[in-house]
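Notes for the one structure printed next.
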Amino acid sequence: MRDKTPLLPLASVDPHERLEKVQRWRLIGPGLVVAATGVGAADMVATLSAGSRYGYTLLWAVIVGTVMKIVLVEGAGRYSLASGHTIFEGWRSLGRWTSWYFGPYILIWGFVYGATAMSSSALPLAALFPVLPLWAWAIIMGLLGFGIVWAGRYTVVEKITAVMVGVMFLVMVGLAIITLPDIPRMITGLIPVIPQGGVVYTLALAGGVGGTITLAAYGYWLREKGWHQPRWMRVMQLDNTVAYAVTGIFVLAMLVVGAEVLYSAGYAIGAGDKGLLDLDDVLRARYGDVIGVTFLVGFWAASFSSVVGVWSGVSLMFADYWGNVRKKPSGHPDTRNGGKYFKFYLLWLTFPPMLLLVLDRPVFLILLYGVLGALFMPFLAVTLLGLLNTSRTPRRWRNGMFTNAVLVVCAVLFVVLGIYQTYDTVAGILG
């Protein structure tokens with residue numbers, strides 16, 4: 001997605017590296033993990049709601065969002081490969097202010113998101129198997145994700161995520177196909193139009209295709225995969241593009257389901273993750289129980305892939321952050337997968353949030369979570385502009401004009417979204 005991305009000529013590499021390039025389609029992995037991790041129940045609800053309200057009018061926003069995420073994640077991966085530094089090491093080079101923001105954010109985010117992710121992955125299971133209450137299924141999902149990441153290596157996370165992506169992709173694309181989408185009407189959705197009263201939905205669709213903090217985890221997964229030098233640049237770019245293309249098709253399928261099943265019939269779904277259970281009821285009434293059950297399986301796969309991905313990727317980010325605070329050398333075992341800082345955050349993501357499953361969420365904590373979370377995407381876009389246009393990145397791997405333009409658009413878009421999210425969080429709490 002870059003206009004002038006320098007690529008290594010095949011003549012300049014050794015035979016082993018040529019083999020890596022020839023077989024690069026077999027190496028796709030970290031991009032799929034970061035993309036799948038970022039698409040959860042909230043993204044599914046937002047897309048379905050947009051489709052149920054506006055049909056295919058906002059199809060173009062899905063495509064724009066996919067392109068922006070490809071550029072953002074490619075930038076994070078390119079910096080890591082080209083510089084040999086992690087993204088947090090890059091942020092620290094921009095000034096201490098990055099640590100002042102990131103430290104409180106990752107702790108508060110993990111505490112609240114842990115409960116959210118567990119609940120989202122538990123909802124479809126509670127609907128399928130009502131023998132246990134929702135909070136019990138949520139705890140089981142948290143413990144399962146914890147066990148997978150604690151005991152396994154990155155390759156285990158990648159393989160499990162690949163299976164989850166395959167399930168959710170086949171289920172959602174299959175649902176979109178059986179709804180018999182109106183292709184001519186879909187094509188009209190490629191024309192950029194913002195419907196009356198649809199500004200927020202447009203921004204959410206453009207900005208919500210796959211992830212927030214997990215986008216920055218891409219460089220850590222590249223390192224765990226063993227891709228840690230510039231010679232992996234082509235593979236990384238292909239990996240990222242294919243992964244977000246798959247994600248874009250998945251989100252498009254959700255938009256089709258919203259447009260054909262909900263919009264055409266005048267249905268509306270509820271807010272929050274439980275809106276997906278409303279869709280389950282509609283699908284059962286229209287297509288039968290088998291389709292409803294299949295949808296719940298896809299819902300679970302999308303949600304649980306986020307649990308596994310976040311438990312892995314954000315724990316790696318925290319380990320690197322705390323290692324820098326403790327002045328550990330880059331790549332110190334304490335800061336890597338399975339190290340003590342990694343395990344501390346894995347425990348933090350899993351067990352303290354379980355309190356939020358059975359208690360009311362603290363108002364002040366939710367407020368901080370909403371405000372700090374709203375700032376992360378503009379933080380990422382702005383810092384990538386600083387990292388990829390200066391001597392912090394070798395000249396041949398710096399941004400071209402197209403990439404810079406997209407990052408500027410990302411920064412502006414996410415600032416607007418951040419302001420709205422902050423307002424919505426404050427208004428919701430005060431209300």
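The values are calculated or read from the model by the stated rules, or taken from the named source; none is laboratory data. Worth saying up front: this structure is predicted, and the values here are computed from it rather than measured. As a convention, Cβ positions derive from the backbone with ideal geometry for all residues, glycine included, and neighbour counts pool all protein chains shown. For accessibility, only protein heavy atoms count, side chains too; no ligands or nucleic acids. Shrake-Rupley method; radii C 1.70, N 1.55, O 1.52, S 1.80 Å.
Details
- Search result, residues across segment 279-321 that are free of Cβ contacts under 8 Å to residues at least 60 places away in the same chain and open to solvent by less than 40 Å² (accessible area, probe 1.4 Å): V282, G288, G292, A319
- Check on T47, among the polar types (S, T, N, Q) and under 19 Å from F376 (Cα atoms): no
- From the list R185, R223, the lone residue that is open to solvent by 60 Å² or more (accessible area, probe 1.4 Å), part of a helix (DSSP H, G or I) and not aliphatic (A, V, I, L, M) is R185.
Residues checked against (1) modelled with pLDDT of 90 or more; (2) assigned to a helix (DSSP H, G or I):
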position: T116; (1), (2): no, yes
position: S120; (1), (2): no, yes
position: A127; (1), (2): yes, yes
position: V131; (1), (2): yes, no
position: A136; (1), (2): yes, yes
position: G145; (1), (2): yes, yes
position: I148; (1), (2): yes, yes
position: V156; (1), (2): yes, yes
position: T161; (1), (2): yes, yes
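- Residue tally, condition open to solvent by 30 Å² or more (accessible area, probe 1.4 Å) and part of a helix (DSSP H, G or I), over segment 51-82: 6
- Residue match in segment 374-389 (condition: over 25 Å from S312 (Cα atoms), at pLDDT below 85, of a type outside the set (S, T, Y) and open to solvent by 40 Å² or more (accessible area, probe 1.4 Å)): no
- For segment 265-278, the set of residues classified as surrounded by fewer than 16 Cβ atoms within 10 Å (Cβ to Cβ), farther than 26 Å from T37 by Cβ and touching a residue at least 60 places away in the same chain (Cβ under 8 Å) consists of A268 only.
- Members of segment 34-49 that are assigned to a helix (DSSP H, G or I) and under 15 Å from A245 (Cβ atoms): V34, A35, A36, G38
- Enumeration of residues in segment 163-182 that are modelled with pLDDT of 90 or more and open to solvent by 60 Å² or more (accessible area, probe 1.4 Å): V163, L170, I177, I178
- Residue match in segment 30-42 (condition: modelled with pLDDT under 80 and open to solvent by 40 Å² or more (accessible area, probe 1.4 Å)): yes
- Within segment 109-132, being open to solvent by less than 30 Å² (accessible area, probe 1.4 Å) and among the β-branched types (V, I, T) holds for one residue alone: V112.
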